[in-house]
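Undergrad: To start, I am sharing the structure in question, which I have written as structure tokens.
The values are calculated or read from the model by the stated rules, or taken from the named source; none is laboratory data. Since this is a predicted model, take the numbers as computed values, not measurements. Note: ideal-geometry Cβ built from the backbone for every residue, glycine included; neighbour counts use all protein chains shown.
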Amino acid sequence: MVEFWRRVYPFWQQRIGVKTLMTVEIELKFIATPATIAELPAQLARFTTEHTAPSKLTNIYFETAENYLRSHDIGLRIRGFDDQYEMTLKTGGKVVGGLHQRPEYNVELKKPVLKLSAFPKDIWPEGCKVAALQKALAPLFRTDFTREKWVITYGESEIELGLDLGEVVAGELSEPLSEIELELKKGNTADLLALAAEIAEQGGLRQGGFSKAARGYHLAKGNPVREIKPLPVFQAKPKATVEQAMAGMFELALDHWQYHEELWARGDKLARPAVLQAVETVRQILVLFGGLVPRKASAELRTLLTDLVPVLEQKSADAQEVCFSAAYLKCKLVLTSWLTTSGWTPFIDDKSAKKLEGSFKRFSDIMLGRTAADLKEAFAQPLTEEGYRDQLARLKRQIITFHLLSGAYPERDVAAYLAGWTELQQAIIQKQLALEDSARSQALMMDAFWLNGQPR
């Protein structure tokens with residue numbers, strides 16, 4: 001299970017006489033429409049807030065020619081504001097459904113010059129020569145924006161809302177910034193998510209899939225076209241429990257969703273089917289664990305997902321209209337909240353709790369056998385063209401199930417097995433009856449690759 005910090009733990013350290021602050025950030029990032037930005041002050045008036053007037057911020061990000069920092073999931077910048085400077089290093093963290101958690105180290109500077117020796121020595125990758133790294137670093141891109149802040153008292157928490165307006169610049173390339181960030185300063189994650197849900201009710205927001213830094217790095221590469229990614233096979237950690245694997249599957253689906261939503265919102269119409277596939281993956285995870293997690297535990301989430309599917313199935317669906325709608329964002333936030341708070345726990349009886357603590361490997365072998373049996377029953381005999389159409393939804397769902405359950409086995413064996421059923425799926429979609437019958441026969445002849453699987 002992914003562990004989310006309930007509080008932010010700051011502590012001060014002295015390094016070379018320079019003050020260093022390490023925190024763990026917990027935040028949500030949103031892209032906002034101009035209309036939503038214009039209404040924001042009035043919307044926040046109903047809360048108890050402490051307002052800070054807009055200030056101009058300039059951030060310069062650094063990297064080596066070999067992209068050393070990026071390869072280790074490290075971001076390094078110097079921020080300038082009101083003749084003051086701060087050097088910040090962010091290391092790899094967790095992102096679940098747009099909820100970001102990353103360790104961050106901040107050092108106050110007298111001038112905008114890197115001083116890597118001011119950071120704690122133990123944050124660097126093994127074997128890193130800090131002095132040599134500093135010499136190799138050079139400015140790569142910058143972000144210029146104004147930031148307006150409100151500190152909101154909400155529930156038992158203090159939450160900072162920042163409005164960032166400006167641009168990301170790398171050489172001659174740039175793209176606009178129009179972001180709202182919610183950061184937990186004190187309190188608990190549940191309050192952060194609840195506040196986000198309230199603000200999102202008016203629409204005009206979508207979760208940002210790419211950070212400012214990620215956008216800058218991409219522009220620095222020349223802004224190449226981002227690829228559509230296939231749904232990956234889920235890889236559970238060794239000796240994972242059923243519950244741990246379930247949470248990991250939701251994370252995989254959310255990552256797939258968030259990435260392709262970003263592409264779709266940026267104008268890539270080919271990304272819409274991948275967004276739909278991510279939503280269908282979430283639904284199939286709920287089905288897969290339906291014998292352990294009662295339907296009433298996810299009733300609201302199931303309803304929102306069901307309502308979203310026909311919207312995404314429309315080839316004419318407008319990305320801006322869909323992704324910035326209140327209903328769409330509510331669905332994602334409910335899922336994020338359900339996952340981060342283990343929302344199923346209050347509904348689990350002792351018997352199910354014991355099964356959730358059991359071996360995921362054993363669970364996956366059992367469910368792989370059941371999934372294969374279901375497909376063999378559905379396609380045991382040649383079907384009419386209408387019959388193949390009727391079984392298409394089932395086939396899609398079970399292919400997703402194989403992606404979720406097959407990670408413990410050799411990639412080559414899994415890919416070969418999936419290829420057979422995927423070929424049948426494509427034949428049905430393309431309405432090629434002769435190919436359908438051939439693909440069906442080939443898929444049924446594939447040997448099982450999982451433990452205790454029955455050969456043909």
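Undergrad: When only residues in region 206-243 that are of a type in the set (Gly, Ala, Ser) and not in a helix (DSSP H, G or I) count, which is surrounded by the most Cβ atoms within 10 Å (Cβ to Cβ)? Reasoning before the result, please.
TA: Quick first cut of region 206-243, residues of a type in the set (Gly, Ala, Ser) only: 208-209, 211, 213-214, 216, 220, 222, 236, 240.
Filter once more, so that each one left must be not in a helix (DSSP H, G or I): 208-209, 211, 222, 236, 240.
Details: GLY208: 25, GLY209: 21, SER211: 16, GLY222: 9, ALA236: 20, ALA240: 21.
Top of the filtered list is GLY208.
Undergrad: Related question: When you scan region 230-248, do you find a residue that is out of contact with any helix residue (DSSP H, G or I) (no Cβ under 8 Å at 6 or more places or on another chain), aliphatic (A, V, I, L, M) and not assigned by TED's automatic domain parsing to the domain that holds THR340, even just one?
TA: No, region 230-248 has no match at all.
Undergrad: Looking only at residues in region 106-132 that are under 21 Å from GLY92 (Cα atoms) and aliphatic (A, V, I, L, M), which one is nearest to the chain's Cα centre (by Cα)?
TA: Ranking the candidates gives ILE123 first.
Undergrad: Please work out which residue is farthest from the chain's Cα centre (by Cα), limiting yourself to region 177-196 and to residues that are more than 21 Å from ALA213 (Cβ to Cβ) and in a strand (DSSP E or B).
TA: At the first step, the residues of region 177-196 found to be more than 21 Å from ALA213 (Cβ to Cβ) are 185-196.
Imposing the further condition that a residue be in a strand (DSSP E or B) reduces the set to 185-186.
Working: LYS185: 22, LYS186: 24 Å.
Ranking the candidates gives LYS186 first.
Undergrad: Would you mind finding the one in ARG302, ARG362 that is among the basic types (Lys, Arg) and free of Cβ contacts under 8 Å to residues at least 12 places away in the same chain? Working first, answer last.
TA: Details: ARG302 fails: free of Cβ contacts under 8 Å to residues at least 12 places away in the same chain.
Going through ARG302, ARG362 in turn, the sole match is ARG362.
Undergrad: While we're on this one: Just wondering, is there one or more residues in region 146-164 that are loosely packed, with under 14 Cβ neighbours inside 10 Å, on the phi < 0 side of the Ramachandran plot and touching a helix residue (DSSP H, G or I) at 6+ places or on another chain (Cβ under 9 Å)?
TA: yes
Undergrad: All but one of (1) in the same structural domain as GLU423 (by TED's automatic domain parsing); (2) of a type in the set (A, V, I, L, M); (3) surrounded by fewer than 21 Cβ atoms within 10 Å (Cβ to Cβ); (4) closer than 30 Å to ILE26 by Cβ hold for ILE348; state the number of the condition that does not hold.
TA: Going through the list (1) in the same structural domain as GLU423 (by TED's automatic domain parsing); (2) of a type in the set (A, V, I, L, M); (3) surrounded by fewer than 21 Cβ atoms within 10 Å (Cβ to Cβ); (4) closer than 30 Å to ILE26 by Cβ, ILE348 breaks only (1).
Undergrad: In this structure, is GLU385 touching a helix residue (DSSP H, G or I) at 6+ places or on another chain (Cβ under 6 Å), modelled with pLDDT under 95 and surrounded by 21 or more Cβ atoms within 10 Å (Cβ to Cβ)?
TA: On the way: touching a helix residue (DSSP H, G or I) at 6+ places or on another chain (Cβ under 6 Å): yes; modelled with pLDDT under 95: yes; surrounded by 21 or more Cβ atoms within 10 Å (Cβ to Cβ): no.
No.
Undergrad: Let me ask another. Scan PHE47, PHE81 and give me the residue that is more than 27 Å from the chain's Cα centre (by Cα), among the hydrophobic types (A, V, I, L, M, F, W, C) and surrounded by 15 or more Cβ atoms within 10 Å (Cβ to Cβ). Talk me through it step by step, then tell me what you get.
TA: Values: PHE81 fails: surrounded by 15 or more Cβ atoms within 10 Å (Cβ to Cβ).
The conditions single out PHE47.
Undergrad: What number goes with the only condition from (1) crowded, with 20+ Cβ neighbours inside 10 Å; (2) free of Cβ contacts under 8 Å to residues at least 12 places away in the same chain that PHE379 does not pass?
TA: (2)
Undergrad: Within the bounds of region 273-285, is there any residue that is surrounded by fewer than 17 Cβ atoms within 10 Å (Cβ to Cβ) and under 29 Å from GLU357 (Cα atoms)?
TA: No, region 273-285 contains no residue that is surrounded by fewer than 17 Cβ atoms within 10 Å (Cβ to Cβ) and under 29 Å from GLU357 (Cα atoms).
Undergrad: Could you tell me whether LYS296 is closer than 24 Å to PHE347 by Cβ, part of a helix (DSSP H, G or I) and over 19 Å from the mean Cα position of the chain (by Cα)? Can you show your working first?
TA: Details: closer than 24 Å to PHE347 by Cβ: yes; part of a helix (DSSP H, G or I): yes; over 19 Å from the mean Cα position of the chain (by Cα): yes.
Against the criterion (closer than 24 Å to PHE347 by Cβ, part of a helix (DSSP H, G or I) and over 19 Å from the mean Cα position of the chain (by Cα)), LYS296 qualifies.
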